[in-house]
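I have placed the structure first, in the form of structure tokens, so that the comments after it can refer back to it.
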Ligand code: ATP
């Protein structure tokens with residue numbers, strides 16, 4: 001029987017529990033023995049109870065749970081070969097040679113490095129007497145499958161990541177709450193949302209909440225004129241009868257000279273207009289709570305596909321990442337997705353916005 005372990009790693013997102021549940025149950029359905037790897041890569045490095053079998057009933061009720069019940073962590077040890085050696089030993093001792101990782105680009109990179117190093121890790125483990133020659137012979141290849149759990153929706157080669165729509169929903173609820181009091185007092189609110197290099201959450205929140213103005217990293221405003229432009233737009237809306245002002249700022253927002261556009265600066269521009277202005281940084285509320293229906297569906301369908309991909313994977317094919325494209329669950333090359341994601345972030349950092357746009361467009365068209 002094939003033994004497959006599943007882990008969640010990096011920042012948590014709503015829907016990770018649903019993903020783990022789907023993987024465990026699909027694995028059992030397809031005749032595999034399933035393991036949970038607790039606390040991200042720490043579970044591999046430390047083994048023990050942190051890498052243990054999970055049964056059908058162990059994930060009962062997980063579909064509607066928020067966060068991740070098998071824990072997640074940033075594991076420094078796994079970045080070192082010594083940590084990965086422990087990880088390989090713990091897997092081989094349990095007869096596990098397939099790993100499904102639900103996380104961001106860092107976690108998926110770690111998984112791919114682990115796979116490419118696997119033969120040399122096993123050779124070293126055998127040489128130092130930590131595994132037997134028989135074990136080495138039996139588990140020559142490591143299968144890796146990636147699933148993307150991220151509230152930011154920042155991965156290339158997939159339209160959506162698990163958690164992004166739940167996070168967007170949370171933001172919309174909070175902006176709705178803020179809007180009622182803003183309108184009562186005729187105030188302005190600057191709402192800062194997460195997303196790092198990716199403005200998807202901010203942009204979609206702007207559309208869903210009818211914001212006056214949105215700042216995203218992908219479309220940096222002119223450093224010299226954005227204040228005046230913001231003021232003109234908000235004044236126009238006020239003149240048309242709007243009793244509140246809502247501006248959404250992505251945490252990674254920048255201007256075209258690469259200065260951060262901070263919530264405080266945006267607030268100052270609105271204060272200059274004479275508006276009573278407050279800043280609300282939504283923070284971890286955006287990662288919290290249960291997954292919306294879309295993320296439960298995405299996590300479940302992708303979890304089943306991840307197990308199928310693990311069972312069909314061969315030593316010669318690149319590790320797959322499970323994505324969704326035009327409403328179809330798809331397999332894409334994991335490292336290509338990571339590469340394109342990193343290229344976009346790098347282009348934005350280097351102020352090369354044209355390149356960033358082109359890379360993102362190309363990623364969507366593929
Ligand atoms: P998020 O999008 O929330 O940041 P992420 O998966 O990108 O998620 P990281 O902190 O980059 O988050 O990575 C999570 C963990 O994956 C790290 O703590 C480490 O254990 C492992 N990891 C990341 N990059 C590598 C790498 N190059 N080699 C080995 N392990 C890695």
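The values are calculated or read from the model by the stated rules, or taken from the named source; none is laboratory data. Small disclaimer: the values here were computed from a predicted structure and weren't measured. Every residue, glycine among them, receives a Cβ derived from its backbone with ideal geometry; neighbour counts consider all protein chains shown.
General remarks:
Residue by residue, here is whether (1) over 23 Å from residue 345 (Cα atoms); (2) over 26 Å from the mean Cα position of the chain (by Cα) holds:
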{"position": "179", "(1), (2)": "yes, yes"}
{"position": "217", "(1), (2)": "no, no"}
{"position": "221", "(1), (2)": "no, yes"}
{"position": "257", "(1), (2)": "no, yes"}
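- Filtered residue count, region 1-17, keeping only those that are away from the ligand (no atom under 14 Å from the Cβ) and buried (at least 24 other Cβ atoms within 10 Å of the Cβ): 4
- As for region 71-85, it holds no residue that is within 20 Å of residue 310 (Cα to Cα), crowded, with 19+ Cβ neighbours inside 10 Å and more than 9 Å from the ligand (Cβ to nearest atom).
- Scanning region 218-263 for residues being within 19 Å of residue 204 (Cα to Cα) and part of a strand (DSSP E or B) gives a total of 7.
- In region 284-296, residue surrounded by the most Cβ atoms within 10 Å (Cβ to Cβ) [restricted to those that are in contact (Cβ under 8 Å) with a residue 24 or more places away in the chain and over 14 Å from the mean Cα position of the chain (by Cα)]: 296
- The criterion of being without any contact (Cβ under 8 Å) to a residue 60 or more places away in the chain, surrounded by fewer than 22 Cβ atoms within 10 Å (Cβ to Cβ) and out of contact with any helix residue (DSSP H, G or I) (no Cβ under 8 Å at 6 or more places or on another chain) holds for residue 223.
- Within region 18-57, being more than 16 Å from the ligand (Cβ to nearest atom), in contact with a helix residue (DSSP H, G or I) (Cβ under 7 Å, 6 or more places away or on another chain) and in a helix (DSSP H, G or I) holds for 18, 21, 22, 23, 24, 25, 26, 27, 28, 56.
- Odd one out for residue 103 among (1) at pLDDT below 95; (2) near the ligand (Cβ under 8 Å from one of its atoms); (3) buried (at least 16 other Cβ atoms within 10 Å of the Cβ): (1)
- Lone qualifier among 304, 338 - being touching a helix residue (DSSP H, G or I) at 6+ places or on another chain (Cβ under 7 Å), crowded, with 16+ Cβ neighbours inside 10 Å, outside any loop (DSSP other than H, G, I, E, B) and modelled with pLDDT under 95: 338
- Every condition in (1) at pLDDT 95 or above; (2) over 16 Å from residue 300 (Cα atoms); (3) within 13 Å of the ligand (Cβ to nearest atom) is met by residue 68 except one, and the failing one is (2).
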